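Worksheet for the structure shown next.
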Amino acid sequence: MRIEIRLRPVGDDPILPFNYNYEVYRQIVEKIALISPQLAQEVEASHIDHFTFSRILVRKRELIPERGIRILSETVSLYISSGSPDIVGTIVEGFMASPSMRIGETGFVAENVKPLKEPEIKDGTLFSTLSPIVVRTVKISDNRMKIWDLYPNEPTFFEKLRKVMLLRYSEFHGRTPEDSAFKIEVVKFKPVRILVADTYYRGSLMIFRYWGSKEIARFGYDLGFGEKTKYGFGMVKVIDEDSKDI
């Protein structure tokens, strides 16, 4: 289940910082806590990612080095998705009860919150990321274990992604999918680096074609592909190829 939140910046010369994922994550949890403190505590305490969200989409903008993105459009959009209708419903109620957000030095007011129609996902569906996909592994260097972020041009990326998606699906649903086989073909990708709290994550914005398990495809659509999705990674949209939406 997915919603779009239309946010209107407040004040003169609104600037969106480049690294805002953790601030958005914290405020989504706060919206949940307004309605259900117990659910918010469960979401935070769990090692399972219960939702994901997009980059903040700014239709008209100007990049300001060392500061962030100057917002030139009247509103911006934030998409939030989850496999749990209860969580999505609570987030909606939270924004209705308290429509304000603050990201960096800029305040926002939620003007509109609306559910989005569920797309058809079939074999060969073309996906585009709304936030970068993070896939990580562990490497040994100088007798020390080091976390290593993988890109799609590395051979281990796809095998690690497959393992991550099967593990996350099993943890969330309490069972393995009936069909666990899937593959993706990357059409193009762009590496990015994002700071979350005090940790940098390297991920990939990409367009990819998907074949295989419909259960994994729907799970990836609802809860993101890859890792750390609760921090705003791995959200995808379905590209309508008939409308040339690439």
Checklist entry - Say we join alpha carbon atoms closer than 10 Å with springs in a Gaussian network model of the chain; which of 21, 153, 112 then has the biggest fluctuation? => result 153
Checklist outcome for this item: Here the stretch 36-45 yields Karplus 3J(HN,Hα) values (6.51, -1.76, 1.60; θ = phi - 60°; whole Hz; Gly and Pro given as x) of 9, x, 5, 5, 4, 5, 5, 4, 6, 6
Checklist entry - In terms of modelled amide H atoms, which long-range or inter-chain residues lie less than 5 Å from the amide H of residue 151? => result none
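Which of the three applies to the stretch 48-105, rounded, prolate or oblate, going by the alpha-carbon gyration tensor with a ≥ b ≥ c and a/c under 1.5 meaning rounded?
Details: a/c = 2.53, a/b = 1.97, b/c = 1.28.
It comes out prolate by the Cα gyration axes.
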Checklist entry - If exposed trypsin sites (Lys or Arg not before Pro) are those in a DSSP loop with at most 13 other Cβ within 10 Å, what is the longest stretch of the chain that has none? => result 176-243
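Going down the list 114/237; 163/237; 122/237; 183/214, which pairs span over 18 Å between their C-alpha atoms?
Working: 114/237 16 Å; 163/237 22 Å; 122/237 13 Å; 183/214 11 Å.
The pairs that break the limit, which is 18 Å between Cα atoms, are 163/237.
Give me the net charge of residue 27's neighbourhood, meaning all other residues with Cβ under 14 Å from the Cβ of residue 27; Lys, Arg count +1, Asp, Glu -1.
Numbers: positive: 26, 31, 102, 230; negative: 23, 30, 44.
Surrounding charge for residue 27 is +1.
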Checklist entry - Which whole-number percentage describes the relative contact order of the stretch 2-116, with Cα contacts under 8 Å and a sequence gap of 6 or more? => result 47 percent
Checklist entry - Under a GNM of the chain (C-alpha, springs under 10 Å), which listed residue has the highest mean-square fluctuation: 92, 58, 236? => result 58
Checklist entry - Most fluctuating residue of 185, 171, 66 in a GNM of the chain with Cα springs under 10 Å: which is it? => result 66
Next on the checklist: Tell me the accessible surface of residue 166 in square angstrom (1.4 angstrom probe, heavy atoms of protein chains only), to the nearest ten.
Outcome noted: 30 Å²
Checklist outcome for this item: Sequence order, the stretch 99-109: Karplus ³J(HN,Hα) from phi using 6.51 cos²θ - 1.76 cosθ + 1.60, θ = phi - 60°, Hz rounded, Gly and Pro as x, gives x, 8, 9, 9, 10, x, 9, 10, x, 9, 10
Next on the checklist: Here are labelled values, [x] 7, 31, 36, 22, 4, 0; [y] 7, 28, 29, 20, 12, 4, 0; [z] 7, 28, 30, 16, 10, 7, 2, 0, and one is the computed P(r) over Cα pairs in 10 Å bins from 0, in percent for what I pasted. Which one?
Outcome noted: [x]
Checklist outcome for this item: Note on the chain: contact order normalised by length, alpha-carbon pairs under 8 Å, 6 or more apart, percent, works out to 27 percent
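Leaving out ligands, DNA and RNA, what percent of the accessible area of the stretch 100-140 is carbon and sulfur, probe 1.4 Å?
Numbers: 1010 of 2080 Å².
Taking all protein chains in place, the stretch 100-140 shows 48 percent carbon and sulfur surface.
On average, how much accessible surface per residue is there in the chain, in Å², for a 1.4 Å probe, leaving out ligands, DNA and RNA? Walk me through the numbers before you get to the answer.
Values: 12750 Å² over 246 residues.
Heavy-atom accessible area per residue stands at 52 Å².
The values are calculated or read from the model by the stated rules, or taken from the named source; none is laboratory data. Bear in mind that the values here come from a model prediction, so they are computed numbers and not experimental data. Methodologically, a virtual Cβ is constructed for each residue, glycine included, from the backbone with ideal geometry; neighbour enumeration extends over all protein chains shown. These accessible areas exclude ligands, DNA and RNA; they are computed on the full protein's heavy atoms, side chains included. Shrake-Rupley method; radii C 1.70, N 1.55, O 1.52, S 1.80 Å.
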